[in-house]
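Just so you know, all these numbers are worked out from the coordinates, no wet-lab data involved. Because the structure is a prediction, the values reported are computed rather than measured. Positions of Cβ are backbone-derived with ideal geometry, glycine not excepted, and every protein chain shown enters the neighbour counts.
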Amino acid sequence: VQTCALPIYETADSEGFWSSQFAKNKWNVEKYEDVVQYPFGYGLSYTDFSWEVLSVSPAAGAITANSQINVKVKVTNIGTVGGKDVVELYYNPPYKGTIEKSSVNLVAFAKTDFLLAGESETITLTFKASDMKSYDTYNASGAVGDDGGYVLESGNYEITLRKNSHDVVGQPIVYSLGSAVEIDGETVYNRFTGDGVVAGDVAIDGSDTGEG
């Protein structure tokens, strides 16, 4: 039993793995909650909070690698005692594309001031679209050189507010990128595969062993 969910557990849940017959036979689990009790970002409080999304900029739709995304959230203490709350923003990339990725990724978060019962605070979570980049080892996206590099892959990017890595609040915001874009524009030397492997060592992916 895990006390904290890492991205691999969320990705497995997105694939329906924890409700599969394999998981039931091997570990006697039937759902995510049988495996993870405290997802990443989980926290306890003596009070309760409500969240209201006041604005999202840009609106859902097409973006570029240079787009700056802003989500303004009103947080209200709806409990009976004072406390603080943390608003977490995650993105779900096209992880089934050409580059393997985690399905849930923390991209921004903010903590409120101490709010008395009934008090509210508005916070803004901001990040750049390029923050959702992935490392493309083999240039599977066709956007980077032979040595690999960082790329924002084409496809849909789903943005969600969450209490933790698993519990979504409100509706997702979906952005789309028409084609893969190389990020940073600098050469990245890969020291774990291909020609970048240190002499005498074996590539971490086993690509130079002849056992592929």
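Charge tally for residue 33 (other residues, Cβ to Cβ under 12 Å; Lys, Arg +1; Asp, Glu -1): -3.
As an exercise, find the ratio Rg/Rh for segment 1-89 from alpha-carbon atoms, using the Kirkwood inverse-distance average for Rh.
1.10
All other residues whose Cβ lies under 9 angstrom from that of residue 144 are scored, Lys and Arg at +1 and Asp and Glu at -1, for a net of -4. Peptides 12-25, 54-67 ranked from most to least packed by the mean count of surrounding Cβ atoms within 10 Å: 12-25, 54-67.
Going down the list 72/133; 84/128; 24/133, which pairs span over 31 Å between their C-alpha atoms?
Working: 72/133 23 Å; 84/128 26 Å; 24/133 35 Å.
Checking Cα-Cα distances, 24/133 exceed 31 Å.
Report note on the peptides 175-181, 46-52: ranked by the mean count of other C-beta atoms within 10 Å, highest first, their order is 175-181, 46-52. In order along segment 50-60, the Karplus-derived 3J(HN,Hα) couplings, from 6.51 cos²θ - 1.76 cosθ + 1.60 at θ = phi - 60°, round to 10, 10, 10, 6, 8, 7, 9, 9, x, 5, 3 Hz, and Gly and Pro are given as x.
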